[in-house]
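Report on the following structure.
What follows is calculated from the coordinates using simple rules that are stated; it is not laboratory data. What you see is a predicted model, and the numbers here were worked out from it, not measured in a lab. So basically every Cβ, Gly included, is an ideal-geometry build from the backbone, and we count neighbours across all protein chains shown.
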Number of protein chains: 4
Amino acid sequence: MSSSFGKLFRISTWGESHGGGVGVVIDGCPPNIKISASDIQVDLDRRKPGQSEIVTPRDEADQCEILSGVFEGKTLGTPIAILVRNKDARPEAYSEMKDKFRPSHADYTYQAKYGIRNWQGGGRASARETIGRVAAAAVAKKILHSHFASNLEIIAWVKSVRDIVAKVDPETVAFDTVESNIVRTGDPQAVDKMIELIKIMRSEGNSVGGVVECVVRQMPVGLGEPVFDKLEADLGKAMLSLPACKGFEVGSGFAGTRMTGSEHNDPYYMDKDRVRTRGNRSGGIQGGISNGENLVFRLAFKPTATIMTAQDTVTTDHENTELTGRGRHDPCVLPRAVPMVEAMAALVLCDHALRHRAQNG
Amino acid sequence: MSSSFGKLFRISTWGESHGGGVGVVIDGCPPNIKISASDIQVDLDRRKPGQSEIVTPRDEADQCEILSGVFEGKTLGTPIAILVRNKDARPEAYSEMKDKFRPSHADYTYQAKYGIRNWQGGGRASARETIGRVAAAAVAKKILHSHFASNLEIIAWVKSVRDIVAKVDPETVAFDTVESNIVRTGDPQAVDKMIELIKIMRSEGNSVGGVVECVVRQMPVGLGEPVFDKLEADLGKAMLSLPACKGFEVGSGFAGTRMTGSEHNDPYYMDKDRVRTRGNRSGGIQGGISNGENLVFRLAFKPTATIMTAQDTVTTDHENTELTGRGRHDPCVLPRAVPMVEAMAALVLCDHALRHRAQNG
Amino acid sequence: MSSSFGKLFRISTWGESHGGGVGVVIDGCPPNIKISASDIQVDLDRRKPGQSEIVTPRDEADQCEILSGVFEGKTLGTPIAILVRNKDARPEAYSEMKDKFRPSHADYTYQAKYGIRNWQGGGRASARETIGRVAAAAVAKKILHSHFASNLEIIAWVKSVRDIVAKVDPETVAFDTVESNIVRTGDPQAVDKMIELIKIMRSEGNSVGGVVECVVRQMPVGLGEPVFDKLEADLGKAMLSLPACKGFEVGSGFAGTRMTGSEHNDPYYMDKDRVRTRGNRSGGIQGGISNGENLVFRLAFKPTATIMTAQDTVTTDHENTELTGRGRHDPCVLPRAVPMVEAMAALVLCDHALRHRAQNG
Amino acid sequence: MSSSFGKLFRISTWGESHGGGVGVVIDGCPPNIKISASDIQVDLDRRKPGQSEIVTPRDEADQCEILSGVFEGKTLGTPIAILVRNKDARPEAYSEMKDKFRPSHADYTYQAKYGIRNWQGGGRASARETIGRVAAAAVAKKILHSHFASNLEIIAWVKSVRDIVAKVDPETVAFDTVESNIVRTGDPQAVDKMIELIKIMRSEGNSVGGVVECVVRQMPVGLGEPVFDKLEADLGKAMLSLPACKGFEVGSGFAGTRMTGSEHNDPYYMDKDRVRTRGNRSGGIQGGISNGENLVFRLAFKPTATIMTAQDTVTTDHENTELTGRGRHDPCVLPRAVPMVEAMAALVLCDHALRHRAQNG
């Protein structure tokens, strides 16, 4: 079990879906950063359940409490502990899953690895685990803005739901556009179609996947540490650690494999005093280090595993059986994944900004 | 700079393209594993330059020397240092790059981050850096086979070059089939077309990218450590740290985003005493932990950045200019990337096998 | 700030003396270990304030709550979060310290390092911080007993207070003997003298230091990882991280420097099937690895910095001034340091037991 | 096995006494630091064998080669690999130790832990292992001087050999005084007596221990990271990882336990603009963080385990037997330990300087 992430801005998350709560401890935060519970709450509200008609109706306010590391409104440089209590737990909805493994969920593998699992609500494999990430990222963004890149923008959006693809320009998409619709896409034309599809899926007891795209604008030059902690490698790990994420690509990604070098390369030119590239197939990273262009990357999210129709499965006693999902679930994880993706990006960038400062001053 | 990888089977690679050599120190290797320089050489020979007419002609034997950690043919449990000297360095071929940044290469970002770079042959950003990875992975495979999974197979192949796509079944593809052709694809029908395309690209001074696919068969159940060190997250990081890699997906990957939950889920069934799944959209990982099915994942490699045609760029003094590539380069990195991908898979699996043993006995 | 300790059994502590509380997150705990809040409470009660007339009268029950990682009485293998609320905080007692640095306390250095500090009760530098360590160690001991050494005993005691030296035989001293007196020494003859000295010091507004000695009996052979994570090195670090600790020695320690090799060496002999040593100048560790003999080590604790008499100091505005201590403090940290020392030993041994299992099976 | 040390300035040492050589890889070195092999050689020469008549006569030039990470005389920010070949190995001198364990050496514990050991010359437990530490520390000192504290001085000396105690004032002792005598003490009056004692010990086939003291002058304020990576904790770990070290104390150390708070506390006063203390019982560290006063600490080194007289021991087959030492050994490790102690101090301080810069700018 490894629930810590980051080298210098290091977070340790904890908590199960059903239990005392969830939270995070942040170690290595610079001192004298202004932060309050309400700063954090803004981001938690964007990921919380029950926020719209297309996400899980579990009723959680997800109110956070800062237990340590902040004094008179500023960080002390000591560990920041943040706690969110679980309120609306309904373990009875999971009683059947005590003995049966949900296909393509984590039930079987946790049982096989640990010989025990909290079968109530998915336990540690629940998306509630990401609360700690999102809370920590609110602090990370404060650090990035106050110490490293005051205008840095991290914006993610739903790029596609199943085969409905949004048209969004990473150079110009606005945060408010994305937040103005419950599916969190950046293309107003796609909103209704996506919502409709998700509702249909839910009504059928089915689920659906899609792609989230993310841009980071006003990027500092020089973040990323070859050869193993290249920026794309740490971003990739961060994103692939999110529930339901099955793929990650940066810049041209898989489409870039169909290009030649002369088509793919981003020529340099001087833009006043700044080295810039024409085109951004690199996605803002070259040799594992940010080049100051926009970071652009995409994540593949599979359809939610828990569906409300009968599926073949096996019991914990290794008998063949059938299972029909119950409980409250997102028919599509993408609208709530958007703030999680931004959070992981912020955590990676903050950690790398501190690491860069350590080595290169 | 972070040139260490792994938590318990921890490697530290070092070395530049032009300089004293390249190598690796392995810390945390279990004792009493039989290993010799020739065991390692087999894998180094698969990645070395000059091995065929479609790769860089740089003439390096890449002979390795084990400097420590092995006694009378067995590992001591102490650090294993492995050294490969650079022989065929030609710094003069890079003299123009001393002052000009190759587009989409690491020249500019290294200079911007560190304020200095070894411009000879790409320095640390050279693919020579992967020698240490491949050497360490030879040891990792020994450990996996002797302690954790005697029949485990790690096989990668070239899935596509530009738009030429090989038909390969991960369940059955044989290592010998892949190794029987210089492009290292698993589809005999695709070999000639791929080779021809690469030759054309080289003759035009251009380059080309593609996709590598990898399977791990006879996988142990239970590897991977949620929530951050999920198996797909650590594999993704490992692969995205390889030169030129721009994307990673596991199982259904990006294609899976166009499926519904009922289409995507892998139902469980009992195969004698063993829990198995019908279908493998999960790619062998659920909840971040291996389920015993085949690991299947794919990597996107962009076309080689160094091409032999004139491109716009800037100088280290920030003047616009032009640059035409020189030196010896792979017109397509994929044939030599295949052993690198297998190596990174072996390193991740060995580390996770040790981690799993630590926590779960 | 680095508030994490351990490589595989990794704890992250958090919390200040005055604030929401203190606690710990344990990552990497093996699954299926029986543990309850009351198991932990036993050890917390041994370190809590107000337990006797010779320690600080701060009134804290230090009741712990397990927030995650335990299900139906057993560990899940997921992070265990433990919370203790602060109850009896009296910030007003520290108002003068807001502007004046207590000599030989952490006030000045925290302010100089971070540019900010929680001046209420010592903030993070308070001994309340050790609650998380002691709670985590209760879990560590469970693991050691259930998986590695069922009879392992960790016993610490007060070896000296100022110049009153207890006569205690590490081979035979009993836990109950130590716990039977409020000063926690292992020598019944020394109890009254030590208590009397501490009371005199307190009545004078002064404080006093001393030595804690610790033995670990029924030690497994093979724990410790040369060359940097030698068992004495990790134990030394653990102990020197405790508040007020200024020295650490193992086995013969500083006294051993006055011996010759022939006097100091511990000859081996066979005790039935077991390799043993005559004498134990090595303190149970040779070459950084435990040899199965009793671990024996000692710690030097300086007198408590906060005293109730006037001392020269400076203000946060860098003016010379005087300060007379206030608040509730231990006139001698040693009675409460005893369970902290045992806790740090348990944390180091548990981590090394898991590490040893990882590498050596 | 854990042969890596440091969090940001991270070294990985490797090598056995008899084998291909010994060396180190340094990861995380800041770029643009001037360094050459001859800079490193100066320190290696101070620790090399055969340097005087009171140390082991093994004939090793210990010439180092920088294999990577340095370009045109400056660090690149990439890993620096340094290699020293073993030349004067004489495995035949150790043939008896193949089957018999030297009392109080690492022979038995390595065999018990790993089930295998390189019995030639002590293998990894040889003091040759420290070559990598000393080489890396030469780089660390360059960084400290160029980036953090241009006048910082790290000076260690032999404080005592057995019962001969040198009178040395840490405030004023000069490096040249220490280096002017082969025993490396700072008290000219003690030189002859110490040398004579060591010669007597050697002539008797015996050995002797002693204390090394170290001062760091011109210390920056603010280094050290509570609560676990306190400066004294990381220094203690560093020192206790040195061969034969059995104790560590900082400032008043064990003697301080016999003082009261009013005697022990170091009052603050303003020295122009600088906060200083009268007295330095704290040894330059308060609350785990440097306060700008001189760091002062001491290490206990036991007498060398390998002696030339008959001792009881057991065989690898677990039979009682006798062993008389052979081979070339230091009758007293202290003269050569002095540069090792300075090296470990430099490594800890450099790492903490980078860590401090990361968090606090």
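For A:I307, the residues 5 or more places off, or on other chains, whose built amide H falls under 5 Å of its own are A:G325. What does the charge add up to near B:Q51, with Lys and Arg as +1, Asp and Glu as -1, over the other residues with Cβ less than 12 Å from its Cβ? My count for the surroundings of B:Q51 gives -1.
For a quick check: with amide H placed at 1.01 Å from N, whose amide H comes under 5 Å from C:K159's, ignoring anything fewer than 5 positions away on the same chain? The list, which skips near neighbours in sequence, is C:V211, C:V212, C:E213.
Rounded to the nearest 20, the Cβ-based charge dipole of chain C about its Cα centre (Lys and Arg +1, Asp and Glu -1) stands at 460 debye. Going down the list A:K237/B:K141; A:K246/C:K7; B:K246/B:K302; C:K237/D:K230; C:K141/C:K230; B:K74/B:K142, which pairs span over 18 Å between their C-alpha atoms? With Cα atoms farther than 18 Å apart: A:K237/B:K141; A:K246/C:K7; C:K141/C:K230.
Of C:I164, B:I200, A:I26, D:I195, the sequence from fewest to most neighbouring Cβ atoms within 10 angstrom is B:I200, D:I195, C:I164, A:I26. Comment: the Cα-to-Cβ extended label point of C:A310, at 7 Å, lies 7.2, 8.6, 8.9 nm from its counterparts in the other copies, nearest first. Tell me the net charge near D:L152. Cut-off is 10 Å between Cβ atoms, D:L152 excluded, with +1 for each Lys or Arg and -1 for each Asp or Glu. Charge balance near D:L152 sits at +1.
Each of C:M201, A:M270 was scored by other Cβ atoms within 10 Å of its Cβ. Arranged with the fewest first, they read A:M270, C:M201. Averaging the Cα positions of each part gives two centres, and for region C:218-264 and region D:146-191 these lie 24 Å apart. Derived scalar couplings between HN and Hα for region C:304-320 equal 3, 6, 7, 10, 9, 10, 5, 9, 5, 7, 10, 8, 5, 8, 6, 10, 5 Hz in order, rounded to whole Hz, by the Karplus curve 6.51 cos²θ - 1.76 cosθ + 1.60 (θ = phi - 60°), x for Gly and Pro. When D:E92 is represented by a point 7 angstrom out along its Cα-to-C-beta vector, the spacings to that point in the other copies are 5.0, 8.5, 8.6 nm, nearest first. Applying 1/(1 + (r/R0)^6) with R0 = 60 Å to the Cβ-Cβ distance of A:E196 and B:D312 gives a FRET efficiency near 0.85.
Counting only alpha carbon atoms, the long axis of helix A:130-143 and the longest principal axis of chain A meet at about 20°.
Sorted from closest to farthest, the other copies place their B:K199 label points 6.0, 8.0, 10.0 nm away, with each point set 7 Å from Cα along Cα→Cβ. Only helices enter the 222 nm calculation for the protein assembly as shown: every DSSP H run of n ≥ 4 contributes -39,500 (n - 2.57), and dividing by all residues gives -8000 deg cm²/dmol, rounded to 500.
Once backbone amide H atoms are built at 1.01 Å from N, A:F71 has A:L76 as its partners under 5 Å, excluding neighbours fewer than 5 places away on the same chain. Taken along the Cα-to-beta-carbon direction at a fixed 7 Å, the label points for D:R274 and A:D88 span 6.2 nm. Think of region C:4-360 as having a plus end and a minus end, set by charges on the Cβ of Lys, Arg, Asp and Glu; of C:F301, C:P243, C:A233, C:A233 sits farthest toward the positive end of this dipole. Note on the protein assembly as shown: Kirkwood radius taken over Cα pairs, Stokes-Einstein applied at 37 °C and 0.692 mPa s, translational D equal to 101 µm² s⁻¹. Across region B:41-52, coupling constants 3J(HN,Hα) worked out from phi with the 6.51/-1.76/1.60 Karplus curve, θ = phi - 60°, read 4, 3, 6, 4, 5, 6, 9, 6, x, x, 7, 7 Hz, and Gly and Pro carry x. Rounded to whole numbers, the Karplus 3J(HN,Hα) couplings from phi for region D:32-37 are 6, 8, 6, 8, 9, 4 Hz, using 6.51 cos²θ - 1.76 cosθ + 1.60 with θ = phi - 60°, and x at Gly and Pro. Relative intensity of chain C on a log10 scale, I(q)/I(0) at q = 0.10, 0.12, 0.14 Å⁻¹, equals -0.64, -0.92, -1.22, per a Debye sum over C-alpha point scatterers of equal strength in the absence of solvent.
Of the residues D:Q51, D:I40, D:L76, the one whose Cα sits farthest toward the positive end of the charge dipole of chain D, with +1 on the Cβ of Lys and Arg and -1 on the Cβ of Asp and Glu, is D:L76. Shown for B:S38, D:S52: other C-beta atoms within 10 Å of each C-beta, ranked fewest to most, produce the order B:S38, D:S52. Take the Cα of A:E53, step 7 Å toward its Cβ, do the same at D:S38, and the gap between the two points is 8.1 nm.
Nearest chain B C-beta to the B/C rotation axis, reported as residue and distance in angstrom, is B:A358, 2. Once the Cα atoms of helix D:188-203 and of chain D are each reduced to a long axis, what angle between those two axes, in degrees from 0 to 90 to the nearest 10, is obtained? Its long axis makes an angle of about 20 degrees. Any chance you could give the angle, 0 to 90 degrees and rounded to 10, that helix B:231-240 forms with the longest Cα principal axis of chain B? Roughly 10 degrees between the two axes.
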